[in-house]
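The values are calculated or read from the model by the stated rules, or taken from the named source; none is laboratory data. For clarity, every value in this text was computed on a predicted model and none was experimentally measured. Here the Cβ positions follow ideal geometry from the backbone for every residue, glycine too, while neighbour counts run over all protein chains shown. For the accessible areas, the whole protein counts, side chains as well, though only heavy atoms, and no ligand, DNA or RNA atoms are used. Shrake-Rupley method; radii C 1.70, N 1.55, O 1.52, S 1.80 Å.
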Amino acid sequence: MIRPRGAWDLPACIRVLRAVHLESGYPYAWPSDPAGWLTPEGLTGAWVAEDPDGRVVGHAALRGGEVNRLYVAPEARGRGLGGRLLRQVTGEAVARGLRPVLAVNATDTAAIALYERLGWRPVRTERQDWGGPEPVTVRHYEASSTPPTGQRTAG
């Protein structure tokens, strides 16, 4: 189930984020304040994915038109939750009249495959300082104006 994130969800979101960081290196640099990182200034909204037992296993946020803080617990991957979270956030942005965009580390091939499978278009690539030991090659994407056949913009 995808639902709006509540303040009470932050401890679980941080636990999942830590597991994701250890498994796949996202976020690139572990934040000194994970709760603050999950609740950036200008946050428009945030959502969580729950497993059938009600445990938080994924997260996504929207800041203006930018989709960010999207991740799924390693043990919950392959169930379509990342796509459902992305469609939820994209649908919210579109409902607000915003053009959804996102940025991804170019080494995160699983995320890139998801975005492209759901119709997101690459618009540019650049190097950015993401707070780690060296700059990161970042791919910027924008949502297509219409989702691929069989896909919804809200989940």
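Only one of the numbered conditions (1) surrounded by 15 or more Cβ atoms within 10 Å (Cβ to Cβ); (2) modelled with pLDDT under 95 is violated by Ala29, and that is (1). All conditions but one from (1) touching a Gly at 6+ places or on another chain (Cβ under 6 Å); (2) within 18 Å of Ala76 (Cβ to Cβ); (3) open to solvent by 40 Å² or more (accessible area, probe 1.4 Å) apply to Ala49; the one that does not is (3). Considering each residue of region 93-108 in turn, at least one proves to be closer than 15 Å to Arg139 by Cα, open to solvent by 50 Å² or more (accessible area, probe 1.4 Å) and in contact with a helix residue (DSSP H, G or I) (Cβ under 8 Å, 6 or more places away or on another chain).
Quick check: is even one residue across region 6-21 assigned to a loop (DSSP other than H, G, I, E, B) and in contact (Cβ under 8 Å) with a residue 24 or more places away in the chain? No.
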